[in-house]
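For reference, the structure discussed in these notes is given below.
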Amino acid sequence: MDIFLQQVINGLVLGSMYALVALGYTMVYGIINLINFAHGEVLMVGALVSWTVVTALGDSGLPGWALMLISLIAAVVICSALNFTIEKLAYRPLRNAPRLAPLITAMGMSLLLQTLAMILWKPNPKPFPQLLPTDPIEIGGAVISVTQILILSITAMVLAALLFLVNK
């Protein structure tokens, strides 16, 4: 039973991360009727910006939660500006173009962001430092970490907020 519970926890955590990415794809498609192939790359840029901030401030003596909050704010600002720029320069001029033109542009934007990320951050693995306590919490024979609890909590809050926003 403990293996089953552990797999349920693992599935919920992984599914939560997938749900947030899928929600972003769905919202973009629902609003501008475009499959934004660059959506995942903007997520990648956010992760790399966050990694850069955490790595740069790692020796500052700030607690892990403060580093995480600062890196989150930096990633949100950069990704918002990036999305705004992409929409203004690449997608908006093609609003009334045939359906294939924005699709090709979205693929091109995806490749451009991948290439720029490889130039700026180099194409090698980047281990993200542990910012939260790593002590596992045991629940009925299964373990869950503080990071996993945070992922589940934030996903639930974001989904509830978007549900409220869409329905009201």
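Any residue at all in the stretch 52-70 that's closer than 21 Å to residue 162 by Cβ and assigned to a helix (DSSP H, G or I)?
No: the stretch 52-70 contains no residue that is closer than 21 Å to residue 162 by Cβ and assigned to a helix (DSSP H, G or I).
How many residues, within the stretch 154-163, are open to solvent by 50 Å² or more (accessible area, probe 1.4 Å) and among the hydroxyl-bearing types (Ser, Thr, Tyr)?
So the answer is 0.
Take the stretch 46-68 and flag every residue that is of a type in the set (Ser, Thr, Tyr) and open to solvent by 60 Å² or more (accessible area, probe 1.4 Å).
55, 60, listed by residue number.
State yes or no: is residue 43 modelled with pLDDT of 90 or more, under 22 Å from residue 151 (Cα atoms) and open to solvent by 70 Å² or more (accessible area, probe 1.4 Å)?
Spelling it out, residue 43 is indeed modelled with pLDDT of 90 or more, under 22 Å from residue 151 (Cα atoms) and open to solvent by 70 Å² or more (accessible area, probe 1.4 Å).
Here is a check on your reading of the model: is residue 48 in contact with a Phe, Trp or Tyr (Cβ under 6 Å, 6 or more places away or on another chain), among the hydrophobic types (A, V, I, L, M, F, W, C), farther than 24 Å from residue 100 by Cβ and in contact (Cβ under 8 Å) with a residue 24 or more places away in the chain?
yes
Among the residues of the stretch 129-153, count how many are touching a helix residue (DSSP H, G or I) at 6+ places or on another chain (Cβ under 8 Å) and surrounded by 14 or more Cβ atoms within 10 Å (Cβ to Cβ).
Counting residues in the stretch 129-153 that are touching a helix residue (DSSP H, G or I) at 6+ places or on another chain (Cβ under 8 Å) and surrounded by 14 or more Cβ atoms within 10 Å (Cβ to Cβ) gives 8.
If I ask for residues that are over 16 Å from residue 44 (Cβ atoms) and touching a residue at least 24 places away in the same chain (Cβ under 8 Å), which ones from the stretch 56-77 would you list?
Passing the criteria: 58, 64, 65, 67, 68.
So, residue 162, is that one in a helix (DSSP H, G or I) and in contact with a helix residue (DSSP H, G or I) (Cβ under 8 Å, 6 or more places away or on another chain) or not?
On the way: in a helix (DSSP H, G or I): yes; in contact with a helix residue (DSSP H, G or I) (Cβ under 8 Å, 6 or more places away or on another chain): yes.
Considered against the rule, which asks whether it is in a helix (DSSP H, G or I) and in contact with a helix residue (DSSP H, G or I) (Cβ under 8 Å, 6 or more places away or on another chain), residue 162 comes out as yes.
May I ask you to list pairs of residues, at least six apart or on different chains, whose Cβ atoms are under 9 Å apart, with the first in the stretch 108-130 being in the same structural domain as residue 58 (by the TED database) and the second being surrounded by fewer than 12 Cβ atoms within 10 Å (Cβ to Cβ) and modelled with pLDDT under 95?
117/123
Hey, can you tell me all the residues within the stretch 71-102 that are part of a loop (DSSP other than H, G, I, E, B) and open to solvent by 60 Å² or more (accessible area, probe 1.4 Å)?
Result: 95, 96, 98, 99.
The values are calculated or read from the model by the stated rules, or taken from the named source; none is laboratory data. Being a predicted model, the structure only gives us computed values, none of them experimental. Quick reminder, even Gly has a Cβ in these numbers, built from the backbone with ideal geometry, and neighbours come from all protein chains shown. Only protein heavy atoms, including side chains, enter the accessible area calculation; ligands, DNA and RNA are left aside. Shrake-Rupley method; radii C 1.70, N 1.55, O 1.52, S 1.80 Å.
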